[in-house]
Amino acid sequence: MAAALAEFSEKSFEDASLNRILKNAGISKGTFYYHFKNKEDIYFFLLKTGFEEKWRFINEHTGKEAADFANSDIFDKFLMQAKLGVLFAKTYPQYHMLGRMLLKEKDTDVYDRAVEYLNADGNAVLADMIGEAYEKGEFGKAYSEEFVKKMLSHLFTVFDDLFDRGEGTEKVLSSLEEYMQFMKHGLKPTK
């Protein structure tokens, strides 16, 4: 599992090599095929394990502040979850990188199959949160709900590309605070 996680967290699905995984793990093809059908099967297993571990981590830490979370606006909820995501990435860097590599697979068949396998369309979760925030009046009416969903989805997807470039955790968390303020208030000066 460690050899497969290392391979898939560094390479795209297409570039990952089952032979390299088996060599690095020191196991035979027969042993591998006893447990998994193919490269996609182990890839999906690792994605599911990482996905479950991340949400366990977030829910465990969110649970400690459940009242604060429930009473927060959407931007504070985003910030709380994003901070926990940063801490998860620090605690489980290979699972974090595995997730980042999956995002790079967008618009491929393996990405679509992975999302279906995980039953985890992050955009659907985001859309639900945004819909609830619209009902509560947490967004201005200047932009359509669909536009806001697309923009926020994109902004969350590219955060690591913009700010997580080997910077320390404190710097990433500080950047995250600014990022959320930008999402909430834009570039217009506050009065």
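Report yes if F32 is open to solvent by less than 50 Å² (accessible area, probe 1.4 Å), under 30 Å from G140 (Cα atoms) and among the aromatic types (F, W, Y), otherwise no. In short, no. Filter segment 114-137 down to the residues that are surrounded by 14 or more Cβ atoms within 10 Å (Cβ to Cβ), within 15 Å of L47 (Cβ to Cβ) and at pLDDT 85 or above and list them by number. Selection gives A114, V115, Y117, L118. Going by the structure shown, is A25 of a type in the set (A, V, I, L, M), surrounded by 17 or more Cβ atoms within 10 Å (Cβ to Cβ), at pLDDT 90 or above and more than 22 Å from D161 (Cα to Cα)? So A25 does not fit the description; no. Name the single residue that is most open to solvent (accessible area, probe 1.4 Å) among those in segment 74-102 being aliphatic (A, V, I, L, M) and under 17 Å from T49 (Cβ atoms). By that ranking, first place goes to M97. Assessment of segment 173-188 against the conditions (open to solvent by 80 Å² or more (accessible area, probe 1.4 Å), more than 20 Å from the chain's Cα centre (by Cα) and modelled with pLDDT under 80) yields at least one matching residue. Kindly evaluate F57 against the criterion of being more than 22 Å from Y179 (Cα to Cα), free of Cβ contacts under 8 Å to residues at least 60 places away in the same chain, part of a helix (DSSP H, G or I) and aromatic (F, W, Y). Judged against the criteria, F57 is a match.
Yes or no, residue by residue, for (1) among the polar types (S, T, N, Q); (2) at pLDDT below 85; (3) touching a His at 6+ places or on another chain (Cβ under 8 Å); (4) in a loop (DSSP other than H, G, I, E, B):
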| site | (1), (2), (3), (4) |
| --- | --- |
| F69 | no, yes, no, no |
| F75 | no, no, no, no |
| L87 | no, no, yes, no |
| Y95 | no, no, no, no |
| L98 | no, no, no, no |
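Anything in segment 138-154 that is open to solvent by less than 30 Å² (accessible area, probe 1.4 Å) and part of a helix (DSSP H, G or I)? List them, or say none. Across segment 138-154, the qualifying residues are V148, L152, S153.
The values are calculated or read from the model by the stated rules, or taken from the named source; none is laboratory data. Just so you know, these numbers come straight off a predicted model, no measurement behind them. No Cβ is skipped: glycine too gets one built from the backbone with ideal geometry, and neighbour counts run over all protein chains shown. Only protein heavy atoms, including side chains, enter the accessible area calculation; ligands, DNA and RNA are left aside. Shrake-Rupley method; radii C 1.70, N 1.55, O 1.52, S 1.80 Å.
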